[in-house]
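Novice: Just passing along the structure, written as structure tokens.
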Protein chains: 2
Amino acid sequence: MVVRNAIGLSDDEVNRIFRALADSTRRDIVRRTLGREASVSELAGAYDMSFAAVQKHVAVLEGAGLVTKHPNGRERIVRGNPDAIGRAQGLLDRYEQIWRSRIDRLDDLLAETDE
Amino acid sequence: MVVRNAIGLSDDEVNRIFRALADSTRRDIVRRTLGREASVSELAGAYDMSFAAVQKHVAVLEGAGLVTKHPNGRERIVRGNPDAIGRAQGLLDRYEQIWRSRIDRLDDLLAETDE
DNA sequence: CTAACGTGCAACCATATGGTTGTACGTAAC
DNA sequence: GTTACGTACAACCATATGGTTGCACGTTAG
């Protein structure tokens, strides 16, 4: 059985999401395609690297669910997926909650000391 | 000159933050040490891998600013750093903003069509 | 003082990652 | 129909990553 967290993502899916975001080129592709969809070759033209390299970056993003690819004639249209961003935010939110609960426990300790 | 984004982090710093979060063991260390600080060997005892491996994971997290390490006798106390989590959230917020601004532009288009 | 503990670090290994070039193939344009 | 375009994919390479073991060294306990 695959372990899933509260957000409904497996550990592996979370790994892929953060891994995909850990590269400047890929973050830029997400930014671009969230604002306005683009074909793979259109994206490739924007970076100083081979078409195949950009193609790989898009594949990594697609594997993480951060973008989707839709065939359109001979082109593949890439669109940023805001849902995946939301899921990543949800993950970070949980860390903040843990931190807050720690603060609460510290407050409890102080309250006890006051008694 | 190092390029910095609106959050005040260089591209490289952002890479390190997401890279550090792209590993289940490291995310677990962050969770643990956000809730309650722990020594490196205490952490090492919690995972089925060598002390050195855990030590490396802590080093990666420290390099990303996600945890801090404080000497205490012969131990090193590891604490999760909630500020770094907040910065990562700030980054994802910007993506959401881009998405929203896209929606706004689409709304504008529709509004024009309605006229 | 000596033994045990906690840590840091180097060397090593297998695999993953990020890039390249080259080839093949469907689609569009002429 | 032929040519050019957009994409996919394989092979290859250098480097990064995630793990190991072994050793050195400061600190604490007996």
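Novice: How big is the charge dipole of the protein assembly as shown about its Cα centre, in debye rounded to the nearest 20, if each Lys and Arg gets +1 on its Cβ and each Asp and Glu gets -1 on its Cβ? Don't skip to the answer; put the middle values down first.
Specialist: On the way: 36 positive and 38 negative charges, 189 e Å.
The dipole of the protein assembly as shown has a size of about 900 debye.
Novice: Let me see the P(r) profile for the range B:11-70: every Cα-Cα distance counted, bins of 5 Å, each bin given as a percent of all pairs.
Specialist: Spelled out per bin, shortest first, that is 4, 20, 33, 25, 12, 4, 1.
Novice: With θ set to phi - 60°, apply the Karplus curve 6.51 cos²θ - 1.76 cosθ + 1.60 along the range B:78-92 and write out the HN-Hα couplings as whole Hz, x wherever there is a Gly or Pro.
Specialist: 9, 10, x, 10, x, 4, 5, 4, x, 5, 4, 4, x, 5, 5
Novice: If we sort B:41-54, A:13-26 on the protection proxy, mean other Cβ atoms within 10 Å, highest first, what's the order?
Specialist: For the peptides B:41-54, A:13-26, the packing ranking is A:13-26, B:41-54.
Novice: Per residue of B:97-104, what is the mean number of Cβ atoms on other protein chains within 10 angstrom of that residue's Cβ?
Specialist: That average works out to 4.
Novice: To the nearest 0.05, what FRET efficiency results for A:Arg100 and B:Ile77 with a Förster distance of 25 Å applied to their C-beta separation?
Specialist: Approximately 0.75, to the nearest 0.05.
Novice: Place +1 on the Cβ of every Lys and Arg and -1 on the Cβ of every Asp and Glu in the protein assembly as shown, take the dipole about the Cα centre, and give the residue among A:Val40, A:Ser101, B:Val78 whose Cα lies farthest towards its positive end.
Specialist: Looking along the dipole axis, the top candidate is A:Val40.
Novice: Roughly how large, in nm² to one decimal, is the mean projection of the convex hull of the alpha-carbon atoms in chain A?
Specialist: 10.4 nm²
Novice: I want to check the label-to-label distance for A:Asp11 and B:Arg31. Put each point 7 Å from Cα in the C-beta direction and report it in nm to one decimal.
Specialist: The two pseudo-label positions are separated by 0.9 nm.
Novice: A follow-up question, please. From the phi of every residue in the range A:12-17, what ³J(HN,Hα) in whole Hz does the Karplus formula 6.51 cos²θ - 1.76 cosθ + 1.60 yield, where θ is phi - 60° and glycine or proline is x?
Specialist: With the stated coefficients, the range A:12-17 comes to 5, 5, 5, 3, 5, 4 Hz.
Novice: Around B:Val67, which amide H atoms from residues at least 5 apart in sequence, or from another chain, sit under 5 Å from its own amide H, with H modelled in the peptide plane?
Specialist: Those lying under 5 Å, H to H, from B:Val67 are B:Glu62, B:Asn81.
Novice: Show which lysines lie in cross-link reach of A:Lys56 when reach means a straight Cα distance below 23 angstrom and same-chain residues fewer than eight apart are skipped.
Specialist: In chain and number order, the partners are A:Lys69.
Rule-based calculations on the coordinates, nothing more; no lab input. Not measured: the values here are computed from a predicted model. Glycine also receives a Cβ, built like all others from the backbone with ideal geometry; neighbour counts cover every protein chain displayed.
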